[in-house]
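What follows is a set of notes on a single structure, which appears directly below.
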Ligand SMILES: Nc1nc2c(ncn2[C@@H]2O[C@H](COP(=O)(O)OP(=O)(O)OP(=O)(O)O)[C@@H](O)[C@H]2O)c(=O)[nH]1
Ligand SMILES: [Mg+2]
């Protein structure tokens, strides 16, 4: 694990064309709007502003590919299920995410499904989990923002998610704000 990884923005994709299709492994960061996908990527890479994050949900509107040390890609996906955008736009983002997952063209090594630990799973997450299972993807569930919960509440939150998903799927508590869980994710899941 390094303090900081060399990373650069490669490509932002709004339609199903132009994705990056090469042999380098892709780590896909997926989750509902505002769970902290972009913040988590910055935290893992030891970068402050590589990926734009915002307190306004719906910040990431395209699939952003970041080259990491020339050996892999971190893929920041738009958040799904954000209620305040139009139904049409929501549907467009959903299609884009599904296309990325389903087309079979991207070399997806691992999917990192991110939840807000205070919120847990909802119907959109279940939908994604079904797709991941159906297509046989290797994935983990990351529960972000654990700095907002005390030990007891965190334990209960993890348990309630674990009760709903397959026991083999690992749940990893992290905080993009404090950096907690960074080492575990980098050493065990990524790279
Ligand atoms: N307390 C706390 N806040 C966090 C954490 N991670 C992210 N946030 C905050 O949550 C908000 C959303 O973070 P983003 O990283 O933009 O979330 P996102 O999932 O990329 O959002 P979209 O691009 O809209 O889908 C920002 O205000 C972050 O500062 C965390 O671990 N703890
Ligand atoms: Mg984002």
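Every read-out reported here was derived from the displayed coordinates using simple, explicitly stated rules and does not represent laboratory data. These numbers come from a predicted model, not from an experiment. Every residue, glycine among them, receives a Cβ derived from its backbone with ideal geometry; neighbour counts consider all protein chains shown.
Among the strands (runs of 3 or more DSSP E) confined to segment 1-88, the ones with at least 3 residues that are within 24 Å of residue 123 (Cα to Cα) and within 12 Å of ligand 1 (Cβ to nearest atom) are located at 26-31. The number of residues in segment 125-151 being surrounded by fewer than 12 Cβ atoms within 10 Å (Cβ to Cβ), within 18 Å of the chain's Cα centre (by Cα) and not in a helix (DSSP H, G or I) comes to 2. Scanning segment 152-191 for residues that are surrounded by fewer than 14 Cβ atoms within 10 Å (Cβ to Cβ), more than 14 Å from ligand 1 (Cβ to nearest atom) and within 14 Å of residue 45 (Cα to Cα) gives 183, 187. Taken over segment 152-163, residues that are under 19 Å from the mean Cα position of the chain (by Cα) and in contact (Cβ under 8 Å) with a residue 24 or more places away in the chain amount to 3. Residues in segment 43-58 that are on the phi < 0 side of the Ramachandran plot and in contact (Cβ under 8 Å) with a residue 24 or more places away in the chain were compared, and the one that is nearest to ligand 2 (Cβ to nearest atom) is 51.
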